[in-house]
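Peer 1: Before I ask anything, here is the structure I am working with.
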Amino acid sequence: MTQHLIDWNSAYSIGLDEIDDQHKVLFDIINGMWASVINREKGAPLLDALDELERYTVTHFTAEEAFMRSHGYSNFEAHKKQHDQFISRVRSERQSIEAGGPVSLDMINFLKDWLINHILVQDKAYAAEFKNKKLGVLGGFFSRLLRI
């Protein structure tokens, strides 16, 4: 049994269940790619793993961006730019594998480090802003209610 490269833990939770569940799937996909590297797989299995990563990431980023837009996230453009750069890096790696190369350890480390950092910093920032806005609306409602 291959050891995981990254394991989910509560520190990665941003407090939005649907997004947290999507992040867990990304962890699973990256762990699958790690297993491919450990098993020295080449060609189709690696391309399949990268295709799965790209497809799922695009789906996840689309959902996350829709959420951020719908709540007027103040740092939306910079956050979306990071998503676009991530997808670009994955596509570049796929081209390298299509040309006969292996998945590089640099790519695996990039995926792991990027995902963890992105969740802990960027995703937690939009979740906190969302929660603060939500509390602000509720707090205003309750203060008006209590004054009556």
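Peer 1: Got a sec to turn the phi values of segment 96-108 into Karplus ³J(HN,Hα) couplings, 6.51 cos²θ - 1.76 cosθ + 1.60 with θ = phi - 60°, whole Hz, x for Gly and Pro?
Peer 2: Listing the rounded values in order: 5, 5, 4, 7, x, x, x, 6, 7, 4, 4, 5, 4 Hz.
Peer 1: Next question, about the same structure. Return the equivalent ellipsoid semi-axes of segment 1-57 as a descending list in whole Å, where each equals the square root of 5 times an eigenvalue of the C-alpha gyration tensor. Before the final figure, lay out each step's value.
Peer 2: On the way: eigenvalues 113, 39, 5 Å².
Each semi-axis is √(5λ); the values are 24, 14, 5 Å.
Peer 1: I've got another one for you. Can you tally the lysine pairs in the chain where the Cα-Cα distance is under 28 Å and the two residues are eight or more apart, or on different chains?
Peer 2: 23
Peer 1: What is the calculated FRET efficiency for residue 55 to residue 106, with r their C-beta to C-beta distance and R₀ = 22 Å, to the nearest 0.05? Intermediate results must be reported in sequence, preceding the final value.
Peer 2: Numbers: r = 22 Å, r/R0 = 1.02.
Taking R0 as 22 Å, the efficiency between residue 55 and residue 106 is 0.50.
Peer 1: I'd like the Karplus ³J(HN,Hα) series for segment 8-22: coefficients 6.51, -1.76, 1.60, θ = phi - 60°, whole numbers in Hz, and an x wherever there's a Gly or Pro.
Peer 2: Running phi through 6.51 cos²θ - 1.76 cosθ + 1.60 with θ = phi - 60° gives 5, 9, 4, 4, 8, 5, 9, x, 10, 3, 4, 5, 4, 5, 5 Hz.
Peer 1: So between residue 116 and residue 62, what do we pick up on full extension, going 0.36 nm a residue minus the alpha carbon distance?
Peer 2: Details: separation 54, 0.36 × 54 = 19.44 nm, distance 1.87 nm.
Contour length minus Cα-Cα distance gives 17.6 nm.
Peer 1: Can you work out the Karplus-derived ³J(HN,Hα) for every residue in segment 85-92? Use 6.51 cos²θ - 1.76 cosθ + 1.60 with θ = phi - 60°, whole Hz, and x for glycine or proline.
Peer 2: 5, 4, 4, 4, 5, 5, 5, 5
Peer 1: Can you tell me the relative contact order of the chain? Whole percent, Cα pairs under 8 Å, sequence separation 6 or more.
Peer 2: Working: 91 pairs, mean separation 46.2, N = 148.
Over the chain, the number comes to 31 percent.
Peer 1: OK, next. Taking only the Cα atoms of segment 15-147, how large is their convex hull per residue, in Å³? All intermediate terms of the calculation are to be shown ahead of the outcome.
Peer 2: On the way: hull volume 12.5 nm³, N = 133.
Taking only Cα atoms, segment 15-147 has a hull volume of 94 Å³ per residue.
Each value in this text was obtained by applying a stated rule to the coordinates, not by laboratory testing. This structure is a prediction, so every number in the text was calculated from the model and none was measured. For neighbour counting, all protein chains shown are included, and Cβ atoms are generated from backbone atoms with ideal geometry for every residue, glycine included.
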